[in-house]
Structure formats: structure tokens, C-alpha cells
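The values are calculated or read from the model by the stated rules, or taken from the named source; none is laboratory data. Fair warning: this is a prediction, and the values are worked out from it, not measured in the lab. All Cβ positions, even for glycine, are placed from backbone atoms using ideal geometry, and neighbour counts span all protein chains on display. When the accessible area is computed, the model is the full protein with side chains, heavy atoms only, and any ligands, DNA or RNA have been set aside. Shrake-Rupley method; radii C 1.70, N 1.55, O 1.52, S 1.80 Å.
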Amino acid sequence: MQRDPLIGLDFYFSLGVLRDPAPTAPLPRRPCPCSASSRPHSAPSPQAPTRCSLSTPSPKHLPPATKQLIGGPAELLWLVGAEHPLFFFPWVLEPRSTHGVSTYGPSEEWNNTSVQGQSPCIVVFPLTPMAALLDRDGRGFHILTPVLESTALSKAAGTRVYMKLENVQPTGSFKIRGIGYFCQEAAKKGCKHFVCSTGGNAGFATAYAARKLGIPATIIVPTSTPQATVQKLEEQGTEVEVFGKVWDDAHVQALALAETEGWVSVHPFDHPLIWQGHASMVRELKDLLGHKPGAIVLAVGGGGLLAGVVAGLQDVGWQDVPIVAVETKGADSFNAALRAGRLVTLPEITSVAKCLGAKTVSARALECANECQIISQLVEDVEAVQAVELFLDDERMLVQPACGAPLALLYTGRVQQLQREGHLNPDLDSIVIIVCGGGSIQMAGLQALKTQLGMK
């Protein structure tokens with residue numbers, strides 16, 4: 001990651017959430033930390049050199065990353081960076097709110113001062129580091145991901161569409177939220193070795209968390225896992241074992257290994273701690289969006305993301321927000337369970353969306369249907385892969401077919417169909433789509449999928 005030399009902020013976080021700790025009132029003037037004087041810092045006069053080493057004569061001298069973040073000398077936000085302090089202009093500032101994110105702008109006092117238009121000094125004050133803010137919620141391995149409006153998806157869906165970009169997590173998917181939290185808790189209880197069965201994303205999250213915790217990990221993948229995914233897992237320093245045809249087979253092997261003393265099985269989706277970790281994305285969503293969306297669209301595989309989002313909606317009091325849960329045909333264990341009113345085990349997984357390939361959805365996912373309005377939808381593999389291509393063109397991000405499933409719902413006009421059928425509000429004002437991941441796809445893999453499906 002590129003680091004800004006002035007503010008020491010991970011530039012990566014310019015894509016994410018820039019939070020303030022708890023600003024509720026205008027900030028008072030503060031003395032310059034470079035001066036022994038207790039007088040408020042004033043702008044340096046052209047005739048006298050300044051003693052403040054942090055003074056800057058002009059915004060043009062700021063590093064490009066800083067200028068992009070602050071947008072000019074009067075628009076600096078509270079910046080939170082890992083292990084780094086807070087930067088802001090020392091003049092009196094007022095709270096503002098943009099899409100639910102609290103920032104500070106120049107107050108009337110600033111606008112009326114005689115030094116208006118002069119270049120103020122940037123002053124540094126201590127701030128709780130990012131790691132401490134994350135630990136407050138009990139997890140510190142995931143990042144705060146951005147919520148961006150998509151013009152292309154909004155046009156396709158006929159309403160405003162906001163993307164929760166979980167594909168920019170360090171491991172490439174939302175999985176690090178719940179699995180990171182689970183692994184931290186297991187480490188506190190003396191775990192000596194993690195073992196995880198995965199189609200890719202859960203393995204990346206487990207390997208990442210294990211490396212951060214200094215605990216070895218073994219990842220079990222089925223034979224359907226692309227070699228590129230196996231190689232990426234091995235590059236994380238984990239032992240990778242290929243076992244069985246589909247994820248369910250790999251999971252049986254993982255459970256057998258977990259019988260070893262000190263070993264802990266990391267389930268990819270079915271554990272309360274994992275759901276609790278995933279719920280954090282909804283709390284972020286409320287902070288960032290600032291209003292309740294008309295619906296949330298997401299992919300369903302084993303049901304961990306669904307269970308986490310439902311838990312998050314309950315946490316923030318948004319239980320009435322409908323969830324559109326999308327699967328590909330051939331990996332539709334959730335849809336089959338809803339229709340049967342009980343858990344159903346598919347005979348096999350035939351979809352190319354292998355990350356959705358759980359032959360039996362979790363029991364918790366089925367329970368969620370009794371607690372929130374969940375609309376189950378199916379798309380074809382071809383539609384999911386076409387959506388991946390369209391999304392790459394529209395948003396310049398490559399995601400995997402599992403993520404293409406909910407995208408296909410928007411691109412194919414299914415939102416409008418659900419409105420006509422009365423499943424969604426005809427006056428839908430906005431939708432949030434969880435862009436769940438892209439850690440298990442490369443361009444070569446995308447082309448191979450197109451060839452397999454007979455697509456041009």
C-alpha cells in the first residue's frame with residue numbers, strides 16, 4: 001500500500017470510511033504544538049518566517065494523496081489511519097454530514113477571520129488508532145469498506161443502487177469479517193492449529209487470520225478448486241490439502257483433522273461468531289448511507305452472509321428492510337429449503353459458482369426467513385458470468401460468479417419484475433448490493449468459464 005509522506009495514512013483507506021471518534025460540537029481553537037505560547041495559532045505573516053515546522057505555504061505543496069483526500073485547504077476531514085494520529089486545520093470547525101459520514105468544514109468564525117484565504121498550518125493531535133477502533137467491536141482483521149453509488153447499476157435497476165464493496169477486503173471478500181473474529185476468539189482459548197474446508201474465500205480469510213495470529217493453518221479444498229486459488233493459499237504460508245469432489249466432502253475431512261488436540265475447525269459459514277462478525281457490515285452501512293435502503297441484494301451459498309446481514313439489520317433496527325437472496329441454479333440449496341420448508345440436500349453441485357456450492361444450507365439461514373422478509377431468486381450460470389463481465393466494464397472490478405449472481409438480478413431487470421409482482425415496493429428509493437468478493441477469480445478463469453458455458 002502507498003503511504004502518504006505527510007499524513008502517514010494508508011492511502012488504501014481513501015477508498016474506505018474516514019470516521020471521526022465522536023464529534024458533536026464545534027472544536028475550540030488550539031495552541032500550536034510547535035510553540036510554547038498558549039495563544040491560538042495564527043497564520044504566518046508574509047514578512048515573518050513561521051516557527052511551525054508543519055506549516056505549508058500553499059495547498060499545491062501537499063502530496064497528491066492528501067489533496068485527493070481533503071479536496072482543498074478548507075475541506076479536511078477527520079482522518080483515521082492505522083497507528084497514526086489525527087490531522088485537521090486548527091481553525092474553528094463545525095460538524096457536517098455527508099451520506100451519514102461526519103466531517104468538519106470551516107465555521108462562521110473561520111469565514112469571518114482576517115486571515116481567511118491565507119494558508120493555514122496543519123496541526124497534529126493524538127487520536128485512537130484504527131486498530132483500537134476495530135477492537136472495540138471485537139475484531140481487527142477486516143477494514144471498513146466503502147459504499148459507492150453505481151450509475152450503471154442504478155440505470156439497470158431503475159432506482160439508486162449503492163455498492164457495499166466487500167471485494168476490497170484484504171482477503172478479497174467479506175469472509176474475513178466473521179472468520180477473522182472467530183479465529184481471534186479461538187486463539188484466546190488456546191487454539192494451536194486452524195483447519196478450514198473451503199472453495200476459496202473462507203480459506204483466504206483463515207490463512208490471513210492465522211498468519212496475523214501466528215498460528216499454523218491447514219486448508220482443505222475440493223478438486224473443483226482452481227489451481228490458481230490453491231497456489232494463492234499456499235503463498236499465504238498455509239498447508240493446502242485437496243480432498244473430495246465438492247465442498248461438503250472437504251468439510252468431512254476438515255472435521256476429522258479437527259479431532260487432533262489443539263486443532264480448531266473454522267466453518268466457512270455456520271457459526272454464531274461468524275454471523276456476528278459479518279453483522280459489522282450493516283452497522284457500517286447505517287453509518288455511511290445515513291438512511292434505510294429499500295432493499296438489500298446479496299448472494300447465498302451456505303448462508304453465512306445472509307445470517308450476518310440479518311443479525312446486523314436486527315442490531316440497527318432495520319428488520320423491515322427486505323433481503324433479495326440470489327443463488328445460481330445448480331447451487332440453490334437455500335431456495336430448495338424455502339420451498340420445502342425444511343433443509344434439503346442437493347444431490348450435487350452443478351453450477352460454475354463453486355463458492356455458492358454448499359449442498360445443504362445452514363439451519364440458521366432457514367430460520368432467518370422467519371425473522372425478516374427474504375425473497376429468494378435464482379439466476380442462470382450464463383447470466384451470472386455475463387454480469388461479471390458487465391460489472392468489470394462498468395465499475396472496473398473483477399468479481400467471481402458467486403458475486404455475479406446478485407449483480408445479474410440487477411442487470412437483467414429482475415428488480416422491476418419483483419416490483420410489478422408486489423414483492424418489492426413499487427416506489428423503491430434505493431437498493432444496496434453486497435459486492436461479496438473477487439478473491440477467487442482471474443481473467444484466465446473468467447475466459448475458461450465462458451468457454452465452459454459456450455459463451456463468446
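What is the Cα radius of gyration of segment 391-456 over 2.2 N^0.38 Å, N being its residue count?
Cα Rg divided by the expected 2.2 N^0.38 Å: 1.33.
Give me a comma-separated list of calculated 3J(HN,Hα) values for segment 199-213, in order, Karplus coefficients 6.51, -1.76, 1.60 applied at θ = phi - 60°, integers in Hz, x for any Gly or Pro.
So the Karplus estimates, Gly and Pro as x, are x, x, 5, 5, x, 4, 5, 5, 4, 5, 5, 4, 5, 5, 8 Hz.
May I ask you to list the lysines whose Cα is less than 20 Å away from that of residue 192, ignoring any residue fewer than eight positions away on the same chain?
Answer for residue 192, where 20 Å is the Cα cut-off: 212, listed by chain and number.
To make sure I understand the rule: partners must be lysines, Cα under 19 Å from the Cα of residue 286, and not fewer than 8 residues away in the same chain. Which ones qualify?
Filter leaves 164.
Calculate the translational D of segment 176-265 in whole µm² s⁻¹ from Stokes-Einstein, where the hydrodynamic radius comes from the Kirkwood formula applied to all Cα pairs, the temperature is 37 °C and the viscosity 0.692 mPa s.
Taking Rh from Cα pairs, D becomes 260 µm²/s.
Report the one residue of 179, 264, 240 whose Cα lies farthest in the direction of the positive end of the charge dipole of segment 176-265 (charges on C-beta: Lys and Arg +1, Asp and Glu -1; origin at the Cα centre).
Ranked along the dipole, the leading option is 179.
Could you order peptides 328-336, 176-184 by the average number of other Cβ atoms within 10 Å of their residues, highest first?
176-184, 328-336
If each of residue 231 and residue 447 carries a label point 7 Å out from its Cα toward its Cβ, how far apart are those two points in nm?
1.4
How big is the charge dipole of segment 176-265 about its Cα centre, in debye rounded to the nearest 20, if each Lys and Arg gets +1 on its Cβ and each Asp and Glu gets -1 on its Cβ?
That gives segment 176-265 a dipole magnitude of about 380 debye.
Could you go through segment 265-278 in sequence order and give the Karplus-derived ³J(HN,Hα) for each residue, using 6.51 cos²θ - 1.76 cosθ + 1.60 with θ = phi - 60°, rounded to whole Hz, and x for Gly and Pro?
Once rounded to whole Hz, the list reads 7, 9, 6, x, 8, 10, 7, x, 5, 5, 5, 4, x, 5.
Apply the Karplus parameterisation 6.51 cos²θ - 1.76 cosθ + 1.60, with θ equal to phi minus 60°, to every residue of segment 365-371 and state each ³J(HN,Hα) to the nearest whole Hz, in sequence, with x for glycine and proline.
Calculated HN-Hα couplings, in order: 4, 5, 4, 4, 5, 8, 10 Hz.
Can you pull the accessible area of residue 427 for me, 1.4 Å probe, Å² to the nearest 10?
Approximately 130 Å² for this residue.
Rounded to the nearest 0.05, what FRET efficiency do residue 342 and residue 427 give with R0 = 45 Å and r taken as the Cβ-Cβ distance? Could you check?
The computed FRET efficiency comes out at 0.80.
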